[in-house]
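The values are calculated or read from the model by the stated rules, or taken from the named source; none is laboratory data. Since the model is a prediction, treat every value here as computed from it, not as a measurement. Cβ coordinates were reconstructed from backbone atoms using ideal geometry, including for glycine residues, and neighbour counts include every protein chain displayed.
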Amino acid sequence: MEANIGELISEDRGFALITGASRGIGRAIALHLADDGYDVAFCYRQDLEAARQVEAEALSRGRYVFHQPCDVADFQAVQAFVKACEEHFGTLEVLVNCAGIIRDNPLVLMGKEDWQSVMDTNLSGCFHFCRSAVFGFLKRKRGVIVNISSVSGVYGNPRQSNYSAAKAGIIGFSKSLAKELAPYNIRVNVVAPGYIQTDMTASVSPKVLEKVLQSIPMGRIGEPEDVAELVSFLVSNRAKYITGQTFQVDGGITL
Ligand code: NDP
């Protein structure tokens, strides 16, 4: 679909940047924020075809889209990507750190590489984007950040010591950042999903899935849209007095 950039870029609203939005939860967040009226920039690792589908869907909602592959673990690449987004759109207003990976294993079998790649992507990736965005937020005294953690980062999970550590790190990082940035009208919150239906959880065996379902009081796996709805609220002005908090979207799995 042809997009007329001049018509589509909002004059009074900055754009939203979502990491890891070619698929899954990030994709749902990008499209929800497009519905909310944001122009949308996003990155991913490699799945260009999936990214193009997200682009087409956001364009069909009347928003302008900018996307590029960018490894969130690579600080230089992230800095260049954020700069490219700002050159395209102008003012970054909303940052959602969603890119994440799992490399599950019991600790006795966990290789250093599985530890490091999970930390680099999930935790350092979040630092890289916040670090790259925050100077502009401070200058403008305006900006919102939502970092995607996991209930695994709040409560822990067997075979996920690397992932739990990274996701718990995101919560501590975000609390500090929230305190540091609140005087500058910048809010930082965390969303910790439970079990959500995406490619990340698609490989789970029917036996394990059955067990998971039994542990969810609401009796169903979450949809990416369940998470996107909360992110949409948190970045909006409706949440203007909320910062430094962690919100679970988990169907009650942790009750
Ligand atoms: P998916 O595996 O479905 O999608 C992951 C997305 O992140 C893809 O767009 C992928 O890009 C991108 N990505 C992965 N690594 C990188 C990287 N190094 N640089 C840039 N982009 C990257 O994951 P989900 O949608 O399920 O998960 C999204 C977030 O939610 C993650 O942080 C995850 O930990 C968290 N979460 C998920 C839960 C679930 O049950 N699904 C539960 C709790 C938290 P590409 O397509 O190119 O690979």
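Quick look at the numbers
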quantity: Members of the range 36-48 found to be within 10 Å of the ligand (Cβ to nearest atom) and surrounded by fewer than 22 Cβ atoms within 10 Å (Cβ to Cβ), listed by number; calculated: R45, Q46, D47, L48
quantity: Members of the range 190-234 found to be acidic (D, E) and either under 21 Å from the mean Cα position of the chain (by Cα) or within 15 Å of the ligand (Cβ to nearest atom) (or both), listed by number; calculated: D199, E223, E225, D226, E229
quantity: Pick from the range 49-93, criterion touching a His at 6+ places or on another chain (Cβ under 7 Å) and within 18 Å of G26 (Cβ to Cβ), ranking: surrounded by the most Cβ atoms within 10 Å (Cβ to Cβ); calculated: V72
quantity: Among the candidates R187, R103, R140, residue that is of a type in the set (K, R) and within 16 Å of the ligand (Cβ to nearest atom); calculated: R103
quantity: Any hit, the range 14-35, residues being at pLDDT below 95 and surrounded by 15 or more Cβ atoms within 10 Å (Cβ to Cβ); calculated: yes
quantity: Number of positions in the range 101-114 that are farther than 27 Å from K83 by Cα and not in a helix (DSSP H, G or I); calculated: 7
quantity: Contacts under 9 angstrom Cβ, first residue in the range 80-108 being among the hydroxyl-bearing types (S, T, Y), partner more than 16 Å from the ligand (Cβ to nearest atom), 6 or more apart; calculated: T91/R13; T91/G14; T91/F15; T91/G136; T91/R140; T91/R142
quantity: Residues (basic (K, R) and either modelled with pLDDT under 95 or under 19 Å from G100 (Cα atoms) (or both)) located in the range 36-56; calculated: R45
